[in-house]
Each structure stands twice: as structure tokens, then as C-alpha cells.
Amino acid sequence: MTIMDNIRNNPDETHLITQEMLDWVGSRSLPLTSPDISESDIRRAAIAMYWPEVPPRIYWDSNYAIETVWKGIVAPAEMNPFSWIVGRAHIGPQPNRINSDQNTIEESRQLRPPGAPKNYLFGGLKSSYYSLMRPGDKITSIITSTDVYEKKGSTGQMLFYLTNEIWTNQNNKTIKETVTTNIQWE
Amino acid sequence: MEQQIYGDDIEVGISIPLFERKTDLMNWNRWAATYDEFVPYHMDDEGAKSNGQNSVIGQGRIRVSYLHTMLRNWIGEQGFILEVDVQMRGINYKNDTLTCNGTVTSKTPTENNSFLLELDISITNQNGVVITPGTARVRIPANP
């Protein structure tokens, strides 16, 4: 029995999943490319991550970094190179509610199941890292939707959807792959 | 030179050094500014209440970052984080003290004069509640 059969057979239950959402699984976003990563981007990210401690010199001191095994400044693996992008096309953190502008951006990249509830929470992630980001890199993100399901939670019926995101740099080298669990509800 | 650990010296079962943060707007706003994560419920109580929370809450992704920082502080500059897998199970409220911890669960030598380590990692709040369980894999060098 399919998910939709189960929903049709239980009309008294509240369901969030639609056939459109199931059809959305497997869709792939248009690529999004970051601006060039600068040394300042890395330094500021590292300060925020390590605050109130001084971050390691590998993230901000080029004279030091050149002498290390990495032969130059590198970025902390979890840094977001898509911050402050004009148009704010989200690939990571997302607002808790979508306004019309945001909706247009996200729908164009097919980042959320169509017709999903508007409240959003980040449910977790699994990131696999292959290479470090460096100053001068441009990162390209492509997101594939991989699953959608629903569960009853403390706020009622909740929609879970999973995405698989791959980042590559300007040399087509894979930087990381992230499976994100996203939660939405009415 | 930063302090460096080597795989030959690591035993399965050891706990790695804790990483602790008392979280408030000083942490969260810096994170929001670098991650471009300006969500009302991370900004103030009003924004949180309109989303069903009692008061302002921290970003899930800063917790993910704290776990990365704990790992980096331990594996040293020559180490490399291969994988982090975490779930958001609880809320991080203002002035919570979050403690990141990790335990080595396996150690495997690799061909490239290094070791692959697997760890159980988590974040516990000041009430002893695990709000972010997970696992990690890292690579560290063998003894030079």
C-alpha cells in the first residue's frame, strides 16, 4: 500500500503529505555559486565559532598558516560561504516563516516540498567532508530532495523532509556532502 | 605550533576534552552575523513567543559548530574531520550551559600513515539532558 493509499483509507486523520510532495522527492535544485571566499570571511566565521576564545591561527594568520601542513589559511569545515549573498537564496539556515520573496527563491530552487507548512525547524544533519575551503574558492551547491514523511509530534502532525546537498569548488573538487533533516508544521 | 595528538597514543574508550559554552545573545548574534541566520526566534523573546517557544532559543547550527570545535581542539591542526552526524533533540535556551563531549569508539590504521577514529559525541545542557546526540569520524596522523 502506498502512502497516498493509506491517507485515502483514513480520511479522519490529519495528514500533511500530498502526492505533489511525493513527486517532489528526487528533484534537484539549480546550482547556486557563492561569491569568492575571502580571508576576512574565514576570520569572522572562526571568531564567531570560537568566541570568546581566540581562534586558531590557521584561520587568520597567513604567515603562520603557510608553514603548516595545509600550506595556507583554510576555513573551518562548517563555515557557510553562502552567507550575505545578494537575494538571500538559502541553502542552509532557513527562516521560520516564508514571506513571498523567500518563497519565490526557495520554490525556484525546489528547496522545500510544495505546499509544506510554514513553520520550520532544523532537525539535524550528517556532513561528510572531503576537502577544505580556502581563500579564493567559489563553492557551488546542488541540493537533491531525498525523502518526505510525517509523524505526530508535540505540536501535532509534523512533516519531515530530507535533502542531500553537495558542495564543489571551482576545480570541481568535492568539498562536502550534507544530508539535512528539516521539520515543518502548521 | 599547535598541540598535536597521534593515533598510536589513542585508546578506544577514552573521553576527549570537553568543550563548554554558556550560551546567550553574545554567542548567538555573532553566529547569526557570520551565518546570515537572522530568524526572529533566535533574536528575542517576542520572536520566540510568536513561534510557540517560551523565550529566545539558540541556533541548531551553532551547536553543530561547537561539536566541530571540540573535535578540532582535540585532533589538532594535522587532524581532519571526515564526518559529523547529529540530531537536534532539545532546545537551547538563553544562559544554558552546553557541554560537548566525545568518546572514542573505534580506531583503525589506514594506508597513509594515519588513523581513522570513530566517536560518539553529544551536547548536554546544565540539567544533564542530552539535547544533541551524534557520532563523528576523524583522521589523525600516526606517530612521526
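The values are calculated or read from the model by the stated rules, or taken from the named source; none is laboratory data. Quick caveat, the model's predicted, so the values are computed rather than measured. Heads up, the Cβs are rebuilt from the backbone with ideal geometry, glycines too, and the neighbour counts pull from every protein chain shown.
Can you name the residue in segment B:81-117 that is under 16 Å from residue B:21 (Cα atoms) and of a type in the set (Val, Ile, Thr) and, of all such residues, is surrounded by the fewest Cβ atoms within 10 Å (Cβ to Cβ)?
B:97
Can you tell me which of B:68, B:42 is under 26 Å from residue A:44 (Cα atoms), modelled with pLDDT under 90 and in contact with a strand residue (DSSP E or B) (Cβ under 8 Å, 6 or more places away or on another chain)?
One residue alone meets the criteria, B:42.
Filtering segment A:154-186 down to residues that are β-branched (Val, Ile, Thr) and more than 14 Å from chain B (Cβ to nearest Cβ), which residue is farthest from residue A:116 (Cα to Cα)?
A:168
Test of understanding: among A:56, A:31, A:35, A:52, which residue is free of Cβ contacts under 8 Å to residues at least 12 places away in the same chain, surrounded by fewer than 18 Cβ atoms within 10 Å (Cβ to Cβ) and under 27 Å from the mean Cα position of the chain (by Cα)?
That would be A:52, the only listed residue that is free of Cβ contacts under 8 Å to residues at least 12 places away in the same chain, surrounded by fewer than 18 Cβ atoms within 10 Å (Cβ to Cβ) and under 27 Å from the mean Cα position of the chain (by Cα).
Exactly one condition in (1) in contact with a helix residue (DSSP H, G or I) (Cβ under 8 Å, 6 or more places away or on another chain); (2) surrounded by 22 or more Cβ atoms within 10 Å (Cβ to Cβ) is false for residue B:141; which is it?
In the conditions (1) in contact with a helix residue (DSSP H, G or I) (Cβ under 8 Å, 6 or more places away or on another chain); (2) surrounded by 22 or more Cβ atoms within 10 Å (Cβ to Cβ), residue B:141 misses (2) alone.
Mind checking whether some residue in segment A:61-74 is part of a loop (DSSP other than H, G, I, E, B), at pLDDT 95 or above and among the small types (Gly, Ala, Ser)?
yes
Restricted to segment A:118-153, and to residues that are aromatic (Phe, Trp, Tyr) and crowded, with 19+ Cβ neighbours inside 10 Å, which residue is nearest to the other protein chains (Cβ to nearest Cβ)?
Looking at the filtered set, the residue picked out is A:122.
In segment B:5-38, which residue that is surrounded by 20 or more Cβ atoms within 10 Å (Cβ to Cβ) and part of a loop (DSSP other than H, G, I, E, B) is modelled with the lowest pLDDT?
B:37
Restricting attention to segment A:111-157, report how many residues are among the charged types (D, E, K, R), part of a loop (DSSP other than H, G, I, E, B) and within 23 Å of residue B:88 (Cα to Cα).
Here the count works out to 2.
For segment B:65-95, which residues satisfy the criterion of being within 10 Å of chain A (Cβ to nearest Cβ), among the β-branched types (Val, Ile, Thr) and assigned to a helix (DSSP H, G or I)?
B:69
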